[in-house]
1. How do A:E13, B:E95, B:E515, B:E401 rank when sorted from fewest to most other Cβ atoms within 10 Å of their own Cβ?
2. Residues in region B:620-634 near a label at B:T13, defined as backbone nitrogen under 18 Å from the 7 Å Cα→Cβ point?
3. Tell me which trypsin sites (Lys or Arg not before Pro) from region B:491-584 have a DSSP coil assignment and no more than 16 other beta carbons within 10 Å of their own.
4. Taking only Cα atoms and a 10 Å spring cutoff, compute GNM fluctuations for chain A and point out the largest among A:A221, A:A18, A:A100.
5. Expressed as a rounded percentage, what relative contact order does region B:577-629 have, with Cα pairs under 8 Å and six or more residues apart?
6. Which of A:R246, A:R233, A:R124 moves most in a GNM of chain A, Cα contacts under 10 Å?
7. Mind checking the log10 I(q)/I(0) for region A:1-66 at q = 0.12 Å⁻¹? Debye, one equal scatterer per Cα, no solvent, two decimals.
8. Is chain B best put as rounded, prolate or oblate by its Cα gyration tensor, with a ≥ b ≥ c the root eigenvalues, rounded for a/c under 1.5, and otherwise prolate when a/b is larger than b/c, oblate when not?
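Just so it is clear, none of the values below were taken in a lab; they were calculated from the coordinates. This structure is a prediction, so every number in the text was calculated from the model and none was measured. Glycine gets a Cβ as well: all are built from the backbone with ideal geometry, and neighbour counts include every protein chain shown.
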Amino acid sequence: MQSFTWINAKSIEEVKGALAKHGKKARIFAGGGDLTTLMKERIDTPEFVVNIGDVKDIHYIREEKDGLHIGAMTILADLAEHEAVLGRYTALAEAAGAVASPQLRNMGSIGGNLCQRPRCWYYRGAFHCYKKGGDFCFAVTGDNRYYHSILKGELCYMVHPSDTAVALLALDARITIAGPQKEKTVKAEDFFIGPRQDVLRENILQPAELITEIVVPTPPANTRSTFLKTRIRGSWDFALASVAVRCTAKNGVCQAARLALGGVAPVPLRVERAERALAGKKITRELSQQAAQLATAGARPMTMNRYKVDLTRSLVEKALLAVA
Amino acid sequence: MAAMKQIIVEGKTYTVEDESAALQGEGGTMLAPWGKNETLKYVGKRFPKKVAREKVTGEAKYAYDVQLPGMLHARVLRSSHANAKLLDLETSAAEKLPGVRAVLSHKNAGKQPWDRERAVFKDHVRLIGDDIAAVAADTEQIADDAVRLIKVKYEVLPHVIDVREAMRPGAPKLQPYGNIWEGKPKVYERGDLAKGFAAADVVLEETYTTSEQHHACLEMHGCVAHWQNGMLTVWDSTQGVHLTRDLLALKLRLPISKVRVLNEHLGGGFGSKNGVKEYHVIAAMLSRATGSPIRLFLDRFETFLLSSHRPLTIQKIKAGFKKDGALTAIDYEVIGRGGAWNDRGMYWAAPAVGSPTNELYKCPNLRTTNIPVHTNLSSPGACRGPGNTENLFALEQFMDEAAEKLDLDPIALRLKNFTAVYQPKNEPYFSNGLRESYEAAAKTFGWQRRKPKSTVEGTKRRGIGMSAVHWHGFEGEPSQALVTIYPDGTVEVNVGIANLGVGAQVIFAQIAAEEIDVPLEMVRVAYGDSAGTPYTINSSYGSRTTFQGGPAVRMAAADAKQQLIALAAETLKVPVADVQYAGGVFAAKSQPEKKANFKEVTGKLGWMQGRHLLIGKGKRLPNPAGRKVDIFGAQMVEVEVDTASGNVKVLRAVLAHDSGRPINTLTYESQVQGGFIQGLGMALYEERILDAETGVQLNANYHEYGCPTALDIPDQVTVVPIETHDLSNNINAKGLGEPPVTGAGGAIANALYNATGVRIRDYPITPSKVLQALRAAV
């Protein structure tokens, strides 16, 4: 690990001040599960590390009139076990509970989880790829069996690693960003960006910005949601594929659905074509299968990950039947 | 002249050495093996490991934890190319960094050889990770920064990673004799292969591959070395203090008496911490150069890269059977991926693989071809159950396929080919509990409920499968132990072993307590220091620590007891032959009122009484000649396969093991469970994944390498000890640590087939392979 200066911020203002001062030389430490690994491997070598763990007003889960408000430093374990989250925002509780291992869920925050860097082993290894300012994606000709895309890959074929992001897309969440400018709020799906937009980062955050809050709107009546994830082992592993679905149904007929995929594209991916196919219809096995086909339509598997198409379809079908 | 006797096995007469005469102790003391139904007080009971508490409370100190005054920290610069010559090496920037105390490379330490073909610091690197230079500095951070300041100019040469590519003409030639180790495959043959196949009713041929499994030890590889006043002391993360000592003395040309190696606790070895690696020698050299103790531990990435691994194997099995299942011929070939250098790793790459094929089933006509192949990679090594594991993962799936083709129950086919004779040397086994293992496992598991096809529930399919277990015993190497009795009646067993973690300490204490007949808590085991212990075992490998050391400990305890009885005779003023000992009391047989308790007698010992301490000496003798020790068992599992996700979950396992007499039934269970879980890891998850082009390992970290987690282990793992009465040594032990790994792959793959109707012959059986196979089967 390269030496760095540790800044223990106590307030958002202190965080903003440190970020404004050090810009690209600083990183936010929001649990550290990902950042410390990147630093140990010298993939990232910040000169300043700003800890936001002691910032008081960003650890909370509150259900208000407009929905669920979550402070960015809220740990994943708390989200996974929170009664209101389990009851009305089920996909998020399930996604938070499916992250990594109990130790990492006790340390990891929701904000940090959304800002994870790619798990591609070329990015994590001694390869000068697009993500590190190079001009090649080694996964294309190399080993792409696990954490590489089947959808929307271009330039870089990473998959976005966050489980909670997938749930937040399906739950139509908003993300609040603080920085040198006025605080702003964006839709979860607009927060994440693909390699074509900027291959060096995975979201819209500028060096001096940070996430402060996530708001999940109160779901309409008769709405259920779920998150499903397939991984190699029972714990610890990232998703080979995941799906989150939120469905409002009356008498078995779907009125509105939101569907998002994880582990298959460089961004957590909302699949609106599949959502539209569900609206106004009774969710049956056949309809779920059709939606699953639509969700993966246009898939371009790489040399070693064709199986992920089948896997994703099975997950979509299972998730839809679970919330119908 | 040894006493011989004749025994009849499978209708044939064999002349073998008589075990009771062969196992005479010091001064002719008879110490025959314990009898089959002998009542034992401590042996065969459950006792927790003596160090368990220290480990779970964090009090246990490992080599990794050693901190010495003035200690410096070392890091090594390693090759980033798979084959390259060093054109230039510039170390001045590293040397100038504040806090750096020494920099070594081929330029200033080029004469220190590693083995017959290479120096410790290379100027021609053959694999990613080869040692180029080393730095000692005040902190590990400074050493790590300094290593990065060393500039290397390489002339990159062609390399080869893929094992089949390495065998092709025109591949980069890695050794003067070519890429097949020593120029040609190693072939073992018996009988007439052509005749055997001609006699077959059914011939089957299949190819299997096994992955490179890592030992993945929690404690990383490394040591702390201090070279002071001509004496080298090393606190080492090792499986054997004496082997490390002897090899360090050899490599550094030091007298053996000037090297001392210590190990109190070990955070995992599994075969990867036997002997010395470059880092031992580098730490010693840096200590000599700086005069300070040097701490040199590999980091997690380096541990994966360089601590060795199970080889990748490609195994082709062709066999002929009679309709009734009798084997007529086996033609077996294994290609194994070796490293770049001509070292012991090449033996583990392929020659070590194949003994179950040669030995487990009766087959008169057989050929085994072993092809170890050099590639530009680090060398494989012995990994818990080396060779037999790779081979059984293939062979036991093959036997399941053959049973189906022959329309026989998998156990029936195996029993049809059972043999009580070690075929390569035509010697009967001392004991063979394979038949009993099948029977006991089947009964406990409920094997008769196995259906040809699975039960289905939604996307879940369940199936059951089994595998035989096989491991080779040893011939009994020279092994010594001491047992000291102190004036206060406490007993110290002194053995030369490290602490692999299997519980040898409590086992040796049980054996001594049994032989002397003292309470277990009175016995302490001293170990882990090459300077203060006899040569009990060079290093704990081969599942033989108990098998080797146990008989020596029993002999030493018997010797101590003889001396104690002599002392009691003196105390009671009766002849030695008149003394009897039971329940802590010595008494004269002729005058029962004359008696003394244990402590009264031991109280006569020691300098205050003007006497020496009582030291019993014991040694292990070779096994009686003419018979073979092998270890057997049977494993059965039930799996659930999710056809939507491709996940395979082992629901329950029954593991029946014949390892001779179980000395400690608690540690016995943990050994068998732990071994099976390691095999499960290899069957379902673990493999070294390399970038095919560069040879860079892509998953050299715990997270992505993927050992099984608590959630991947079955809730029910039932261990059934099969107690054969083995006469190869005085404690009836055969060895246990490794065999439990060997059966997991076959049993799981066969259960997967039973559940889904698809065969996966390429381990590990990952979700991607399951999904692809299911799709292909539709």
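1. Least to most surrounded, the residues fall as A:E13, B:E95, B:E401, B:E515.
2. Those under the cut-off are B:626-627.
3. On the way: sites: B:R524, B:R544, B:R554, B:K561, B:K573; in loops: B:R544, B:K573.
Listed in order of number, the matching sites are B:K573.
4. Among A:A221, A:A18, A:A100, the largest mean-square fluctuation in the Gaussian network model of chain A belongs to A:A221.
5. Details: 36 pairs, mean separation 8.8, N = 53.
Worked out over region B:577-629, it gives 17 percent.
6. Of the options given, A:R233 has the highest mean-square fluctuation.
7. -0.35
8. oblate
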